[in-house]
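Below is one structure, written out as structure tokens, with a few remarks after it.
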Amino acid sequence: MNRHGTPFNPYLAALDCPACGQAHDLSAPRSVCEACGKPLVARYDLARVKAEVRREDLGRHGSDLWRYRVVLPFAAGFKAVRLGEGGTPLLPLTRIAAELGVAELWLKDEAANPTQSFKARGLSLAVNGAVAFGKDAIALPSAGNAGSAAAAYAAAAGVRCRITVPEDTPEVFALEQRACGAEVRLVPGTIADAGRALGGWAQAPEWWNVATFKEPFRLEGKKTLGYEIAEQGGWTLPDAILYPVGGGTGLVGMWRAFLELRELGWTDGAMPRLIGVQAEGCAPVVRAFTAGAAAATPWEDARTAALGLRVPSPFADALILRALRESGGTAVAVSEEDLLDGMTELSAHEGCFACPEGGATLAALRRLRASGEIRARERVVIYNTGSGLKYPEAWRMALARRTRPQAEARA
Ligand SMILES: *Cc1c(COP(=O)(O)O)cnc(C)c1O
Ligand SMILES: [Zn+2]
């Protein structure tokens, strides 16, 4: 709490609806726009932040994502639950850079987060946000990683947690979620079906819905990816960033971060091109981007081993498409074979036991180098969004593709 008794950051001006323009204050719990039902986005008084805070002062709040507390929703005195989220390394991939002919290639390795994925960033903020809004129970559908992160923060915050996950999700996720005290239901189908199943089991207002973009603070947590990439690059932004798009929180969040950083005057030079990566078996954003559409239509029969990308109908489709276009970026769908080979390359050449979504970003980079859309002199960031340890089935498939003669040739 600050001295006015609010848990919220005094620099947080409002929660805006980019779709209809409606602004919301923080006098009540806010989920989506009360006028049109679309996602809300936090707006800060950046002119005041710029006048009162220097980027050299960030370290006083720690080395995790709370370092950027001045542009996060909570007051300095709010006792946030923290598990060490964010502050992950940006690693040079020298061998793959040489092979692909890219001047500088960096990996933002998010496996170092609590519960081993970047979902910790968003769920940390969302669970703290639930507490700030006076809630004591949260719920969400999840492809695995979001549920595990939610369960961990809920345990640490002492709030109840209900999760629905597709029944083909690797068992380790439900084990981890139950270990943290969450109630878990397995549901046939994809995360879209899990979302529908949650409706009857964990209703508002008792259960605060922390699904992607159904409350405003997961986006704020993911925004810190952009701040970290900026700071770790010496406040000069890369030329291109390849990001695996499921619900799109990270992509929209990074774009928010870069816009804020420009307004704060903390970065200079050109803005990066954001490149959205999806799997050919579920590529609603790529299809809409390619068609020049402002919104995505639901993907039928979504299938991919990259479970975080199996989101047939992202709720924030309009915001994702806008970020891709405003940044001058593009959207690419990669095949299952290519994303599995991307996982293997990250491991065999760089020592990173990647998740399938991470493999997808490398596969997309290979494609865009071949087409010339990423040029040799560029500085490029790809993502490993979670640990490969949670995807034994995908790894079995990836390693089965290394035929014996190839393996011997490498040995
Ligand atoms: C959720 C998830 C994604 C997709 O992230 P969004 O920000 O929702 O687009 C990518 N990779 C992994 C490992 C995930 O768990
Ligand atoms: Zn609205």
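Criterion first (more than 16 Å from ligand 1 (Cβ to nearest atom), farther than 24 Å from residue 321 by Cβ and either surrounded by fewer than 16 Cβ atoms within 10 Å (Cβ to Cβ) or not acidic (Asp, Glu) (or both)) does residue 35 satisfy it? Here the answer is no, as residue 35 does not meet what is asked.
Only one of (1) surrounded by 18 or more Cβ atoms within 10 Å (Cβ to Cβ); (2) part of a loop (DSSP other than H, G, I, E, B) is not met by residue 6, so which one is it? Looking at each condition in turn, residue 6 falls short on (1). Taken over the stretch 332-344, residues that are under 12 Å from residue 360 (Cβ atoms) and either touching a strand residue (DSSP E or B) at 6+ places or on another chain (Cβ under 9 Å) or of a type in the set (Gly, Ala, Ser) (or both) amount to 8. Being within 16 Å of ligand 1 (Cβ to nearest atom), more than 30 Å from residue 351 (Cβ to Cβ) and crowded, with 17+ Cβ neighbours inside 10 Å is a description that does not apply to residue 114.
Where residues in the stretch 24-43 are within 13 Å of ligand 2 (Cβ to nearest atom) and over 22 Å from residue 135 (Cα atoms), which of them is nearest to the chain's Cα centre (by Cα)? That would be 36. Looking only at the stretch 176-190, decide whether some residue is within 15 Å of ligand 1 (Cβ to nearest atom), part of a helix (DSSP H, G or I) and within 24 Å of residue 282 (Cα to Cα). No, the stretch 176-190 contains no residue that is within 15 Å of ligand 1 (Cβ to nearest atom), part of a helix (DSSP H, G or I) and within 24 Å of residue 282 (Cα to Cα).
Filtering the stretch 1-23 to residues that are under 24 Å from the mean Cα position of the chain (by Cα), within 23 Å of residue 130 (Cα to Cα) and within 16 Å of ligand 2 (Cβ to nearest atom) leaves 14, 15, 16, 17, 18. For the stretch 202-248, the tally of residues that are among the hydrophobic types (A, V, I, L, M, F, W, C) and part of a helix (DSSP H, G or I) stands at 5.
Residues in the stretch 276-288 that are in a strand (DSSP E or B) and basic (Lys, Arg): there are none. Within the stretch 166-183, can one find any residue that is over 30 Å from residue 59 (Cα atoms) and β-branched (Val, Ile, Thr)? Within the stretch 166-183, one or more residues are over 30 Å from residue 59 (Cα atoms) and β-branched (Val, Ile, Thr). Does the stretch 226-284 hold any residues that are within 12 Å of ligand 1 (Cβ to nearest atom) and over 23 Å from residue 373 (Cα atoms), and which are they? Passing the criteria: 247, 249, 253.
No lab work stands behind these numbers, since they all come straight from the coordinates. In this text, all values refer to a predicted model and were calculated from it rather than measured experimentally. Ideal geometry is used to build each Cβ from the backbone, glycine not excepted, and the neighbour counts take in all protein chains shown.
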